[in-house]
Structures are given as C-alpha cells and as structure tokens.
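Working notes, beginning with the structure itself.
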Amino acid sequence: MPQDLGTMYRWRNWTPEQREQILNERRKRNHPDHIPAHIVSDSTTYYMVTAACYEHNLVIGHSDQRLADFSLDLCTLLYQNVEQVFAWVVLANHYHVLVDSTDVLALLKLLGRLHGRTSYQWNLQDSSQGRRVWCNACETMMKSEGHFYSSINYILNNPVHHGYCEKWTDWPFSNASDYLEQVGRVVALARWRSYPIYDYGAKWDPPGL
C-alpha cells in the first residue's frame, strides 16, 4: 500500500460527473494512436522515457488538479513533438511514456523545459522556493517486439502495481482506457500473457482489465 497518497484516493469517492469532467479535460489533448503489429528493431525509434520527482517526493500528486494539469501538459508536448504515443501514465512522483521519436534527445530537452516550468509553478504554489522537484528524464530504446509490448504492459499496469487502483481503467491519468478500447480486452489479456513484465524486475499479478 503506498503511503501519503492523500488526494489519490479521492478519485474513488468522486461522483460520476466529477470523474467525467477530469477525463474530458484529459481527452482534449490525448488522442489514441495506432499500435503497430510488428516492430523493426534494427533501426527503431521507439523509446520508453521515464522521469521521477527528486527523492521520489509526491510533488505531482499534491492534488488531483495538479495530476490532471500535468497530464494535459505532458500529452500536449508529446503529441506535438513525436510521431506516435503508444502508452503513458502519470503517478504521484513519476511518469512513463512509450513513444515513436526520431529525435529522442530533442524530446528530452523539451521535457527538461517542462520540468523547469512546472518546478517553478509548483514551488510557488507550495511556498517551497528553491526546492528541487525533478530528476532528469532518461530514455530506453526498445530492443524487440517483446520489449515493446512488455513496456506497454508495464506502463499501463504501473498504477495497479503501486497500489493506486485495482484496474487499469480506474486510474484516470493514463491512456489505459483508450488502449483497451482500441485493442479490446481479449487482445490486451493475450498481450499481457505473451509479454510479461518480469524484465522490469518483479513478478506481479495480472491486472484487472
């Protein structure tokens, strides 16, 4: 069970109208993309990018609105600067994205600027001027089709793994609902079984899809 999640669990108590409002705000800048059937690994431009708050402090998760706003900002940046977005998730102290980027170094620079802007804004809001908010983002190139699909499973299962929710679709700050709507539950479960996330260092139970 994660500690000090605070506002994260308010999601469970929100009315359907409140949930729909947050989801609609996110969807304004988040459009589901095609998932490729096969991957050419010799010259792949597919990368998983991860960034975490400094010392894993729960700065993004300070409030539900901050989580929603940052998700919107992150998605806007991604969809304007990469070829495709395959999976993304934002949690209280880190985020993961899986993208097709022909210039991942340029993407990392743009994410660095986003980190700078949000650090300034959040430190003002929290009366914490001078606080270090982010660690640098880092990228991992996809090495194979299995690596790619395991990464999607890892990203979309991350809220379940960290105890925020019981099902992928219970967490609003990811593209899990779009992914499941696109590929269907049967395909998603088949990919979960065929491409386990043990490569990421743990044997976790299958998610509620």
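Since every read-out is calculated from the coordinates, none of them should be taken as a lab result. Note that this is a predicted model, so its numbers are computed, not measured. We place every Cβ from the backbone using ideal geometry, glycine too, and count neighbours over all the protein chains shown.
Determine the sum of side-chain charges near VAL104: Lys and Arg each +1, Asp and Glu each -1, restricted to other residues whose C-beta is under 13 angstrom from that of VAL104. Within the 13 Å Cβ shell, the charges total -3.
Overall shape: oblate for region 89-160, with the ratio a/c of the largest to smallest alpha carbon gyration tensor axis at 1.5 or above and b/c at least equal to a/b. By the beta-carbon count within 10 Å of each Cβ, the least crowded to most crowded order of ILE152, ILE60, ILE197, fewest first, is ILE197, ILE152, ILE60.
Here the extension length gained between GLU83 and HIS161 equals 25.2 nm, from 0.36 nm per residue of separation less the Cα-Cα distance. So what is log10(I(q)/I(0)) for region 88-209 at q = 0.13, 0.16, 0.17 1/Å, when the Debye sum runs over its Cα atoms only? Debye curve over Cα of region 88-209, log10 I(q)/I(0) at q = 0.13, 0.16, 0.17 Å⁻¹: -0.61, -0.88, -0.96. Listed from fewest to most Cβ neighbours within 10 Å, the set TRP168, TRP122 follows the order TRP122, TRP168.
Annotation: the residues GLU83, GLU139, GLU17, sorted from fewest to most other C-beta atoms within 10 Å of their own C-beta, follow the order GLU17, GLU83, GLU139. Compared with the direct C-alpha span, the chain from HIS62 to ARG113 gains 16.3 nm at full extension, assuming 0.36 nm per residue. The mean sequence distance of close C-alpha pairs (under 8 Å, at least 6 residues apart), as a share of the length of region 112-182, puts its relative contact order at 16 percent.
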